[in-house]
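Comments concern the structure below.
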Amino acid sequence: MLFPDYRPRRLRQNEAFRRMVRETVLTANDLILPLFAIGGKEIKNSIPSMPGHYQLSIDNLIKTAKRAYEAGIPGVILFGIPDKKDPLATRAHAPDGIVQKATSALKKNIPGLAVITDVCLCQYTDHGHCGLVTDHGTIDNDSSLDILARVALSHAKAGADMVAPSDMMDGRVTEIRNILDENDFSHVPIMSYAAKYCSAYYGPFRDAADSSPKFGDRRTYQMDPGNALEAIREVTMDIEEGADIIMVKPALAYLDIICRIRGEIDLPLAAYSVSGEYSMIKAAEKMGWIDGKKVMMETLTAIKRAGADMILTYFALEAAEELRAAK
Ligand code: PBG
Ligand code: ZN
């Protein structure tokens with residue numbers, strides 16, 4: 001098919017040609033910044049395993065979110081560290097809960113910035129699981145659905161632009177879609193963590209959000225890393241239930257899943273480049289073993305090249321500011 005003397009290098013010899021033929025170009029529009037909200041004032045608790053990230057009280061959260069907005073990032077995803085935990089995750093759907101308060105403050109101060117809220121129970125339950133737990137210590141899928149729906153509704157009432165369930169309970173997208181529609185929030189889209197794997201890459205996040213399970217692990221609800229066909233099933237189910245955006249998580253070790261879903265499914269696709277992916281690059285950079293900025297850009301470009309339309313990443317601010325400076 002190709003001309004016999006075709007030399008791919010002809011179009012690599014200068015930056016002008018390289019720019020002309022470049023297939024994947026990362027922009028700030030592709031990035032979503034995760035933020036951790038905590039109660040109090042003037043709080044900025046560092047997270048040792050995630051250098052550059054903090055648990056932020058609302059005043060400081062607004063400052064960071066403003067910087068992100070000014071760097072061209074279209075949205076943030078909010079996680080809350082509550083004042084109290086209990087077996088029923090009561091603080092997850094309280095009107096004066098931390099995510100609810102942070103959401104309305106962000107919308108008031110930076111109306112143009114999309115606020116996406118993570119909908120889950122693990123930060124709010126005393127046992128640290130993403131769903132309710134039965135007396136036998138198993139996860140109670142169906143009784144969790146009602147609480148998850150209430151959490152999503154409370155976020156929408158606080159002004160969330162989009163809700164993102166990350167719990168992996170079966171049937172939660174239907175419950176959330178219904179409760180939103182019944183309460184005049186039919187305009188609020190759902191970004192579903194559809195193919196979320198049971199991954200050791202979540203370690204640093206669990207320190208940041210204080211959300212480690214107190215017993216067992218998440219294998220009974222998150223996906224087995226060996227499975228790819230099941231990811232397509234999970235995604236298809238969530239679309240049938242009403243998801244507007246589907247997500248694959250983690251990103252880097254699951255680029256094949258991103259690529260496959262992009263090929264088979266015609267819906268906006270998000271990839272979550274998780275805490276461990278961030279921390280590994282930061283750690284190797286600190287050791288002087290890699291050029292952290294270059295590895296960051298290469299990694300984000302790879303995730304986009306694999307087929308992600310948007311990337312949730314702890315590098316969002318750094319990458320957006322780097323892209324801006326490069327212009
Ligand atoms: C909670 C949740 C997790 C992440 C996002 N939402 C952790 C988990 O499932 O244990 C992971 C984020 C990250 O590691 O960056 N449902
Ligand atoms: Zn969870």
Exercise. Charges only on Cβ, +1 for Lys and Arg, -1 for Asp and Glu: so what's the dipole of region 200-273 about the Cα centre, in debye to the nearest 20?
Worked result: 320 debye
Seminar exercise, completed: For region 69-226, the charge dipole (Cβ of Lys, Arg +1; Cβ of Asp, Glu -1; about the Cα centre) points to a positive end, and the Cα of 105, 171, 121 closest to that extreme belongs to 105
For this session: Starting from region 61-154, pick out the trypsin sites (Lys or Arg not before Pro) whose DSSP state is loop and whose Cβ has at most 13 other Cβ atoms within 10 Å.
Result: 84
Exercise. In region 262-327, carbon and sulfur make up what percent of the accessible area (probe 1.4 Å)?
Worked result: 56 percent
For this session: Could you calculate the contour length gain from residue 289 to residue 3, that is, 0.36 nm times the residue separation minus the distance between their Cα atoms, to one decimal place in nm?
Result: 98.8 nm
For this session: Go through region 273-278 residue by residue and turn each phi into a ³J(HN,Hα) via Karplus (6.51, -1.76, 1.60, θ = phi - 60°); whole Hz please, and just put x for glycine and proline.
Result: 7, 7, 3, x, 5, 5
Exercise. Once a ≥ b ≥ c are taken as the square roots of the eigenvalues of the Cα gyration tensor of region 37-99, is the result rounded (a/c under 1.5), prolate (a/b larger than b/c) or oblate (a/b not larger than b/c)?
Worked result: prolate
Problem set entry | Percent of C-alpha pairs per 5 Å bin, region 167-262, short to long | 2, 12, 22, 20, 18, 15, 9, 2, 0
Seminar exercise, completed: Order by accessible surface, 1.4 Å probe, largest leading, for residues 266, 244 comes to 266, 244
For this session: Can you work out the accessible area per residue across the chain, with the rest of the protein chains kept in place, probe 1.4 Å, in square angstrom?
Result: 47 Å²
Seminar exercise, completed: For region 236-296 (alpha-carbon point model, no solvent) the Debye-based log₁₀ I(q)/I(0) at q = 0.21, 0.22, 0.25 Å⁻¹ works out to -0.82, -0.86, -0.99
Exercise. Antiparallel DSSP bridges in the chain: what percent, to the nearest 5?
Worked result: 15 percent
Seminar exercise, completed: Once the mean of 1/r over all distinct C-alpha pairs in region 265-327 is inverted, the Kirkwood radius in Å reads 12.4 Å
For this session: Using the Kirkwood radius over Cα pairs, work out the Stokes-Einstein diffusion coefficient for region 125-184 at 4 °C and 1.567 mPa s, in µm²/s as a whole number.
Result: 107 µm²/s
Problem set entry | Lysine pairs in region 232-314 with Cα atoms under 22 Å, if 8 or more residues apart or on separate chains | 8
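Apply 1/(1 + (r/R0)^6) to the Cβ-Cβ distance of residue 207 and residue 237, taking R0 = 25 Å, and write down the FRET efficiency to the nearest 0.05.
0.20
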For this session: Could you estimate the translational diffusion coefficient of the chain from the Stokes-Einstein equation, with Rh from the Kirkwood formula over C-alpha pairs, at 20 °C and 1.002 mPa s, in whole µm²/s?
Result: 105 µm²/s
Problem set entry | Cα-projected label distance for residue 280 with residue 138, points at 7 Å along beta-carbon direction, nm | 3.4 nm
For this session: Name the residue farthest towards the positive end of the dipole of the chain from the options 265, 94, 147, assuming +1 on Cβ of Lys and Arg, -1 on Cβ of Asp and Glu, about the Cα centre.
Result: 265
Exercise. Nearest 20 debye, what's the magnitude of the dipole of region 9-326 about its Cα centre given +1 on Lys and Arg Cβ and -1 on Asp and Glu Cβ?
Worked result: 1500 debye
Problem set entry | Mean separation of Cα contacts under 8 Å (6+ apart) over length of region 1-86, as relative contact order % | 32 percent
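Which of the chymotrypsin sites (Phe, Trp or Tyr not before Pro) found in region 177-275 are in a DSSP loop and have at most 15 neighbouring Cβ atoms, other than their own, within 10 Å?
Here the sparse-neighbourhood loop sites are 215.
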Exercise. So how much slack lies between residue 63 and residue 24, counting 0.36 nm per residue of separation and subtracting their Cα-Cα distance, in nm?
Worked result: 10.9 nm
Seminar exercise, completed: With a ≥ b ≥ c from the Cα gyration tensor eigenvalues, square-rooted, and the rule rounded for a/c under 1.5, otherwise prolate when a/b > b/c and oblate otherwise, region 193-327 is oblate
Exercise. Which residues' amide hydrogens lie under 5 Å from the amide hydrogen of residue 194, considering only partners 5 or more residues apart or on another chain, with H built in the peptide plane?
Worked result: 247
Seminar exercise, completed: Here the relative contact order (percent) of region 9-326, from C-alpha pairs under 8 Å and at least 6 apart, is 19 percent
Problem set entry | Estimated distance in nm for a label pair at residue 265 and residue 214, the labels positioned 7 Å out from Cα along Cα-to-Cβ | 3.4 nm
Problem set entry | Dipole of region 9-326 [Lys/Arg +1, Asp/Glu -1 at C-beta], most positive-end residue of 197, 213, 307 | 307
For this session: Mark the label point 7 Å from the Cα of residue 182 along Cα→Cβ and return the residues of region 146-166 whose backbone N is within less than 19 Å of it.
Result: 146-158, 163, 165
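The values are calculated or read from the model by the stated rules, or taken from the named source; none is laboratory data. Predicted model only: the values in this text are computed from it and were never measured. All Cβ positions, glycine included, derive from the backbone under ideal geometry; neighbour counts span all protein chains shown. Accessible surface is based on the protein model in full, side chains and every heavy atom, while ligands, DNA and RNA are left aside. Shrake-Rupley method; radii C 1.70, N 1.55, O 1.52, S 1.80 Å.
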